Structure formats: C-alpha cells, structure tokens
Number of protein chains: 2
Amino acid sequence: MDLENTDAPPARTIRVELGARAYDILIGPGLIASAGLEIALRLKGRRMAVVTDENVAPLYLPSLLESLSAQGIEATPIILPPGEKTKSFDHLVPVVESIIGARIERNDAVIALGGGVIGDLTGFAAGIVRRGSRFIQIPTSLLAQVDSSVGGKTGINSPQGKNLVGVFHQPDLVLADTSALDSLSPREFRAGYAEVAKYGLIDRPEFFTWLEAHWREVFAGGEARIEAIAASCAAKAEVVVADERENGRRALLNLGHTFGHALEAATAYDSARLVHGEGVSIGMVLAHRFSARMNLAGIEDAERVERHLRDVGLPTRIGEIPGPALQPERLMDAIAQDKKVKGGQLTFILTHGIGQSFIADDVPASEVLAFLTEQLDAKGATRA
Amino acid sequence: MDLENTDAPPARTIRVELGARAYDILIGPGLIASAGLEIALRLKGRRMAVVTDENVAPLYLPSLLESLSAQGIEATPIILPPGEKTKSFDHLVPVVESIIGARIERNDAVIALGGGVIGDLTGFAAGIVRRGSRFIQIPTSLLAQVDSSVGGKTGINSPQGKNLVGVFHQPDLVLADTSALDSLSPREFRAGYAEVAKYGLIDRPEFFTWLEAHWREVFAGGEARIEAIAASCAAKAEVVVADERENGRRALLNLGHTFGHALEAATAYDSARLVHGEGVSIGMVLAHRFSARMNLAGIEDAERVERHLRDVGLPTRIGEIPGPALQPERLMDAIAQDKKVKGGQLTFILTHGIGQSFIADDVPASEVLAFLTEQLDAKGATRA
C-alpha cells in the first residue's frame, strides 16, 4: 500500500472477500451522483427503499434519487429523525413496515444513506425483512465510511446498553463518497478520525506514524483523505474476513470501545456531552494507560497516543467530558453489561505498544476500578 | 430407516449436520423432565431464559424449571399470551428486553417451551440479542416437533403478511418430548399431522404409503408416533443441510404453503376459522389439483392425497373454512405479497405425483386465478 500515491484514479475499490457474501467498497468523490450506475452494474433489482435522516436528506437525497431514476430504479424514501435515539425499536418497527410496504423483492435492495445510526438501523431492518434482504451502504460521515458501514454489524440500542440488539448482515455494496465529508462539522470529522487512528494503533504502527505526519492533509481533504479512508477500510476488511462473526481476532476492532461504550452509557448517549468517536478517543488513551499500569507497555506509548489525539482536537481524558462528574462505580456497571463479557470475566483490548494490541480476557475488575478511580481523581490535572 | 422397528430405545437422536452450527434433535417421551441433564451435557452456560405461553406454562414449566435447577441452571421464565397474534413486534420487544435483563451471556441460552408461535418468536429474539444467542427448542405441539423447531427459520408476522420479519438462527439443541403431545386437542394434533404427511408428498412416497396404513397408530401414540416424528425430522434435516438459507431445494418444504398462507391471510389468522396446519392441508390438495389442471400429474394422485387427509379429519377444500366466503382476488393479493415471489413471477411447489414435488418459478398468475375461481365456485359440492 503506497500511502502517498497521488496519481491514483479518483475511486478506489476494496474487495471484502467473504465468499458468497463478498462485496466491494468504493471510495472517492462524487459516488452519490453516480450511485445508480454503480448499483445497476452489480444488482439486478429495480426497486429500492432509501433510508436516511432529516439532516442528510436535503443534502444528498435528491442527487441519489436522480441517479437511481436515470438507471430505471424506482426508489421509496424513508426519512427518520437524526441522532442516536433513532437506533431503537420505536424507529426500527416503522422502517421494517415501510420496507415491506415498498414491495422490495429478492433482487431489490435497501439503501442506507447517512451516518452510523442510519447504517446500523437500516442494516438491521434489511437483515430481518424476509429473513435477509439485499443492502447497500452509502455512508456520509467519516465514522461510517471507515468503520460502521463495513463488516456487517448492524443493530439498535436497548435501554440496557448500546448495540445489544442486532444481526450480522453484510452489505452487497458500500459507496463511500468522500465529497460528502465536506459538509461535516469539525467535531464530527474529528470523531470519525478516532476510528482511523485506531487501525494504526491495533496493528499498523507505520500507518499511525504516517497519520502523525499527515493528519492536517487528511483533515484538509483531497488525496490524503481518500488514502486514509482506503487504508482504514482495507484494515477493517482484513480483520472481518479473518473473523466475520467476532469469535476471535475481530474483537481487536474494539480497541478503546469497552471504556468508550461505558462513557457513552454513563452520559446517557447525550451527544452534547460525548459522541461515539470522542468516547473511543478517550477509551484508546485509557486502554494504553491501563496497559502501562499493568506493566504491559511503556507509559511513553500512551503519552504518544494522547499527544496525537489531542493535536487533532479530540478529548483524551474523562475529565474533559462536560457536565456532572462521572462515578467510577457507574462506569464499572456499564462495563459489566457491555457485550464483550464472557462468563463474568472482563475482556479488554490491551496493548504492548503502538500497533501491538491484543485481546485480554482475564482482566481483574478490581484493577479496572482502581484505575478508573485514579483517572477520575486526576480530573483537575486534565488540561495541565 | 426402519419405520416399523418397535425395539428401539425410547429417545431417538437425529443429527442436523450444519458444520459449526450442527445440533441434535432428541425425540422421545419424558424429555422435559430430563431436559436439565441433556442441556448440561451439551452447553456450558448455567443461566437460561425460558419463554413459554399461558397455556403451556401450567402443564410443563414447573417440571422444566425443576429439571434445570437440579443441574445448577438458573432460569428466568417469560410467559406470553397464547396464539398467533403473539408473533408480533408488540410481544417481541419486551421478550428481547427481558432476555437482556436476565443477563444471558455467550455460553448461556434462551429456551423456547411451546408450539410454533413460541418457537418462532423466541428463536427470533435469541437471534437478535447480542447479534445471536444460544437457543434451545422444546416443542410441545406436533407441528413444532416435526417442522418449525427444526431448521433455523424464526420470525414474526407483519400486518402485511405472515413471517415477513425474522432471521435464520439455528438452535443448539431440540428436545421433542412426545409425552407432551398427549395434552393436545384432536384438532391441534391433526393440524400438525398435515406437516408429517407433507414429507411423504415432497419426496418420500413410501412414507406416505406407510402413513396411509398406520395413521391410526400415529394418532393413538406410542412407537408409531415416535417413528413418524423421527422420520419427519430426518426428512426436514436432510433438506435443511442441503440448503440452509432456502436458495433452492429448501423451498420444497413450502409444498401447500403458498396457498395455505394465502388462506390464513384471507381469514385474518383467525384460528377459530383456520389454523396453519389446516391451511397446509387444503393447500397441499390445491397444489396437487392445480398440478393436475396444468397436466403435470394425474388427478388420481390429487384424489388420493385428499382422501387420506380427509380420513384423518383434516379440511381439504376452501369451502370447508367456516365464516364468510373467500374471494379469489383477495387470495391472489395475498399470494402476490407472499415471500416466495421473485421478480413479479409466481413461484409454487407443484408435483408430478405423490412424492414427486418440484419448484415451479414461472407459474402464470392468470392460471392460478382461474383455478381458484373454479375451486370457489365448486364450494357447494365440497362435502359431497
């Protein structure tokens, strides 16, 4: 992979080699406007349901519908309110009924146009209509382009925790239109960038080093951004192919996520306080600091991770989360209900250093609690 | 397969060879009372949720809970109202939340104790909690023992049609306690028997001939009943192993079901008018009569099928359904919304004769409508 190649054609293709469920991820500018053609080249169906939200619809829905119509594809739009609270049974049920009402047949497809919330909810709906309908992801946020739209994890939240209800349902095609990222707020773009950095921290130290040198270009747009997204999708595709249903190695993708999910739960999924990528950013720093505390890695690696994430403008400490102070016991409760728990033991992704993450399934809860208590006591020193 | 062997041990085992998802079906008397032991032999988990209904709970729940408790398995019962209307999102959502609330972890399991409604709903809930939880079927109706508890099809109904929402989720174990069938009403037992006869009509003509000779013993209970259930489960397992996700041959299991589902939809799933097995009985006769009308099979085979199903007390004609007369156009609408439609073409399971069924995916809608109109016009002659 040549990370600095600027002569490449505008759209890159990453193939996710899952046998009968193999699919392409296309990455480049203008893919929403050419979606109809890309879909018509790959799918026989001529009837689609397009699920999107009220923020994304005015920006990209007309262009997508026009592109589908030009290929003779009849589309039924389904528009939902934006935000994490949409990932619930309350919104899933009418989406499922609308998809059935659109008379989508076996060769037709359900299209998700939006960020991670729309992709997760729509993928779940497609996965359960007629026990599995064809599904196309058109992610419009950086987070969705590099993470949630690839790999087949779909779902909604339960009052008892995030993503506790869902299915594995692979898309038939992913169209990551990098032009769509220009409409993101800086905060949203940064939140997605946390997942980009994660791929370097898991097992690609040279990618992390490249990001440290080139992150300003990635934020500015253009070829470096496309390159970073393609590298992230390729990294994720490799893990998904090795372990589609998360019986092993795929759990590495949860680096920073056990702490991150607990922070999201403890702040009641209030995006004014914390969005997913910010939770992951703090969670990755915590995972590196906890690894250092357990003498698994040097503290200088944790400090390097924190420096880079802080440079790009991401929060890196629990104390930076606005609002009432969080209690360590509340975080431990959320961790215990997290879905990566096996037989009462705590499972975490820990690290031996930058790009050397591993699955630890025997982490003592008492050590985690002591660590979180220290971190929260150190709150005053957060921005020192 | 020796259909008349009476020296076999009380519990038969059919293995469904689905690789990593392989599982056993145990068939015999007293399996609810020994369920704890059979489960403890196969699963490591010691926490289970048991989903059942208000009719089944007083009969078998205490015995099941005692048997689980004797093996140190802690069980959380979830009791639902009986009937087809329970197969809805309204009941699925609280079941999902209760399973999550019972803190079922990856080695634990969700148990369905009941008929097809409980099995389908519970399997769907297990299939979506944490993107797939372990699942045990303890079917208490004949229909569930020979059909719905085997093969991994799970789901609920939509206002727009039956089983339109669900997932493929294989059980980890099926315990078919034949003693439980003694509590069924004659009407319920007969309805399940329609699915037993179906396996003969699909591709086992010698089994159909055996049933014509021995159906009274099957209805009386004892060894012939166990033999018929084991033969049915073995027939279904063979089809499921060949085509787990119904991309081809598995569709043969829908013999009689396209007509049957349309009759159920047209009678608003009102069990006072028609239950599933009765719809299948009429549907199988219609499939044989329609095949004769299309010159694919002789009319004498249709008459032989009808004679046997009428002998056991099942309805065989649309006109036998009590209540307002059904309209052919209404039945066609229901058929068009049925999930076995591809690209606007009608797919039916038709036959060249007893045990010679095949998938026909190019059946002209006009022929079906003409046939149904004839059948409904002939209503007056129904019981002649």
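What follows is calculated from the coordinates using simple rules that are stated; it is not laboratory data. Given the structure is predicted, the values throughout are model-derived calculations rather than measurements. Glycine also receives a Cβ, built like all others from the backbone with ideal geometry; neighbour counts cover every protein chain displayed.
Over 27 Å between Cα atoms, which of A:Lys236/B:Lys236; A:Lys85/B:Lys44; A:Lys44/A:Lys85; B:Lys44/B:Lys153; A:Lys162/A:Lys198 qualify?
Values: A:Lys236/B:Lys236 38 Å; A:Lys85/B:Lys44 36 Å; A:Lys44/A:Lys85 34 Å; B:Lys44/B:Lys153 24 Å; A:Lys162/A:Lys198 20 Å.
Over 27 Å apart, Cα to Cα: A:Lys236/B:Lys236; A:Lys85/B:Lys44; A:Lys44/A:Lys85.
What number, rounded to the nearest 500 deg cm²/dmol, is the helix-based mean residue ellipticity at 222 nm of chain B, given -39500 (n - 2.57) per DSSP H run of at least four residues and division by all its residues? Present the calculation step by step, with values, prior to reporting the outcome.
Numbers: 12 runs with 165 residues, N = 384.
-14000 deg cm²/dmol, from helical runs alone.
Identify all aspartates and glutamates with a Cα-Cα distance to B:Lys87 below 19 Å; exclude those on the same chain that are fewer than 8 residues away in sequence.
Straight-distance partners of B:Lys87: A:Asp90, A:Glu97, B:Asp53, B:Glu54, B:Glu97, B:Asp120, B:Asp147, B:Glu188, B:Glu264, B:Asp270, B:Glu278, B:Asp338.
Placing the label point 7 Å from Cα along the Cα-to-Cβ direction, what are the distances from A:Arg307 to the equivalent spots in the other copies, shortest first, in nm to one decimal?
Shortest to longest, the spacings are 9.1 nm.
Name the residues whose placed amide hydrogens come within less than 5 Å of the amide hydrogen of A:Asp53, ignoring near sequence neighbours (fewer than 5 apart) on the same chain.
Those qualifying (amide H under 5 Å, at least 5 residues apart or on another chain) are A:Leu80.
What percent does the relative contact order of chain A come to when contacts are Cα pairs within less than 8 Å and at least six residues apart?
Reported as a whole number, the value is 14 percent.
If you line up the Cα atoms of region A:196-381 on their principal axes, what length do they span on each, largest first, in Å?
45, 37, 32
For chain A, modelled as a Gaussian network with Cα springs under 10 Å, which listed residue fluctuates most, A:Pro62, A:Pro159, A:Pro94?
Fluctuation is largest for A:Pro159.
Which chain B residue puts its Cβ closest to the axis that rotates B onto A, and at what distance in whole Å?
B:Val167, 3
Would you mind checking which residues have amide H under 5 Å from A:Ala297's amide H? H placed 1.01 Å from N; only 5 or more apart, or other chain.
Long-range HN contacts for A:Ala297: A:Ala292.
In which sequence would A:Met294, A:Met332 go, from the one with the fewest C-beta neighbours within 10 Å to the one with the most?
A:Met294, A:Met332
Please state the charge dipole magnitude for the protein assembly as shown, taken about the Cα centre, from unit charges on C-beta atoms (+1 on K and R, -1 on D and E), reported in debye and rounded to the nearest 20.
Approximately 360 debye in magnitude.
State the answer as a single residue: which of A:Ala265, A:Gln71, A:Gly200 lies farthest towards the positive end of the charge dipole of the protein assembly as shown, with beta carbon charges of +1 for Lys and Arg and -1 for Asp and Glu, about the Cα centre.
A:Ala265
Report, in degrees rounded to the nearest 10, the 0 to 90 angle that the Cα long axis of helix A:257-266 makes with the longest principal axis of chain A.
90 degrees
Taking the label point 7 Å from Cα in the Cβ direction, how far apart in nm is A:Ser179 from each other copy of itself, listed shortest first?
Nearest first, the other copies' label points are 7.1 nm away.
By how many degrees, 0 to 90 and rounded to 10, does the Cα axis of helix A:276-293 deviate from the longest principal axis of chain A?
Here the helix axis deviates by roughly 30 degrees.
Placing +1 at every Lys and Arg Cβ and -1 at every Asp and Glu Cβ, with all other atoms neutral, what dipole size does region A:30-73 have around its Cα centre, in debye to the nearest 20? All intermediate terms of the calculation are to be shown ahead of the outcome.
Working: 4 positive and 4 negative charges, 70 e Å.
With only Lys, Arg, Asp and Glu charged at Cβ, the dipole is about 340 debye.
Put a label point 7 Å from Cα along the Cβ direction on B:Asp377, then list its distances to the equivalent points in the other copies in nm, shortest first.
In ascending order, 9.1 nm.
Mind checking the angle between helix A:299-311 and chain A's longest principal axis? C-alpha axes, 0 to 90 degrees, to the nearest 10.
50 degrees
Assuming a ≥ b ≥ c are the square roots of the Cα gyration tensor eigenvalues, decide whether region B:162-293 counts as rounded (a/c under 1.5), prolate (otherwise, with a/b larger than b/c) or oblate.
In terms of gyration-tensor shape, rounded.
How far apart, in nanometres, would the label points at B:Asn55 and A:Asp362 be if each is projected 7 angstrom from Cα along the Cα-to-Cβ direction?
So the label points at B:Asn55 and A:Asp362 sit 5.1 nm apart.
Suppose each label sits 7 Å from its Cα in the direction of the beta carbon; what would the B:Ala242-A:Arg47 distance come out to in nanometres?
In this crude spin-label approximation the distance works out to 3.0 nm.
Amide H to amide H, which residues 5 or more places from B:Arg134 or on other chains are under 5 Å from it, using H placed in the peptide plane?
B:Val110
Just to verify a number: FRET efficiency for B:Leu18 and A:Gln327, C-beta to C-beta distance, R0 = 45 Å, to 0.05? Don't skip to the end; give the middle numbers.
Working: r = 46 Å, r/R0 = 1.03.
The pair B:Leu18/A:Gln327 has a calculated efficiency of 0.45.
Let's test the formula: R0 of 60 Å, r as the Cβ-Cβ distance of B:Met294 and A:Ala268. What FRET efficiency results, to the nearest 0.05?
0.45
Where does each of A:His257, B:His91 land when they are ranked from fewest to most other beta-carbon atoms within 10 angstrom?
Numbers: A:His257 25, B:His91 19.
Ascending Cβ contact count within 10 Å gives the list B:His91, A:His257.
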